[in-house]
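Here the structure comes first, spelled out in structure tokens, and everything after it is commentary.
What follows draws every value from the coordinates through simple rules; no lab data is involved. Only a predicted model underlies this, so the values are computations on that prediction, with no experimental measurement involved. Using ideal geometry, Cβ is built from the backbone for each residue, glycine included, and neighbour counts are taken over all protein chains shown.
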Amino acid sequence: MGRKILLLAAALAFLWLSNLKLCCAVTVDGRELEGLYPLSAADRGRSAARAAAEEIVPGPALLPQPELSYRLSLRPAGGSTADICCALLESTPQVQLHQAVYINSVYLGSVEQREELLTALRQFITGQLPSWAEHGYLSQELSFREQYGRSGGATPVEDMVLLVSGMAPVMYSDGEGYVARA
């Protein structure tokens, strides 16, 4: 009877061990990324970040070296290559996260802060609001997308307001159906 219990315990231990997966926790510049990552994701994330940084920065890119600590887990690693790549790019000197600005899917450039541009656009629209108009709006769709770029390489907000208003003229409405272009 004792031998059967020992064999059952050994079988359960082997079953448990067969489900363990080798993963890694990733630390970039002293900040541990959330979750566990497959070993291949760490290598791909580092390669992708290096390639992106070399396109952005003139000369050699000085990416931080990620620290990997290996762990065994019963669950599959859920972290993605993109998370590692983003963390490395955010910690790279001369690389900064910008907001790319689009009017009807046409790229106009990038700004450092989306909210700063939206505030400046609101001020621009309301600053030129005719006395008869109730509100103003852009005639085309404005959209944003995050992108990495060279530090200091973003378009100044004042210039971007002029670009946006040139591509999407401001329309004014009296609230009763009358609409006019600025």
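Against the test of being surrounded by 15 or more Cβ atoms within 10 Å (Cβ to Cβ) and polar (S, T, N, Q), the options 131, 165 yield a single qualifying residue, 165.
Tell me whether the stretch 79-95 contains one or more residues that are within 23 Å of the chain's Cα centre (by Cα), surrounded by fewer than 14 Cβ atoms within 10 Å (Cβ to Cβ) and not acidic (Asp, Glu).
So in the stretch 79-95, the residues within 23 Å of the chain's Cα centre (by Cα) come out as 79-95.
Filter once more, keeping what is surrounded by fewer than 14 Cβ atoms within 10 Å (Cβ to Cβ): 82, 93.
Of the ones still in play, those that are also not acidic (Asp, Glu) are 82, 93.
Among the residues of the stretch 79-95, at least one is within 23 Å of the chain's Cα centre (by Cα), surrounded by fewer than 14 Cβ atoms within 10 Å (Cβ to Cβ) and not acidic (Asp, Glu), which makes the answer yes.
Take the conditions over 21 Å from residue 143 (Cα atoms) and either without any contact (Cβ under 8 Å) to a residue 40 or more places away in the chain or among the small types (Gly, Ala, Ser) (or both) and apply them to residue 110. Does it pass?
Values: over 21 Å from residue 143 (Cα atoms): no; either without any contact (Cβ under 8 Å) to a residue 40 or more places away in the chain or among the small types (Gly, Ala, Ser) (or both): yes.
Judged against the criteria, residue 110 is not a match.
Checked against (1) touching a residue at least 40 places away in the same chain (Cβ under 8 Å); (2) hydroxyl-bearing (Ser, Thr, Tyr); (3) not in a helix (DSSP H, G or I), residue 165 meets all criteria but (3).
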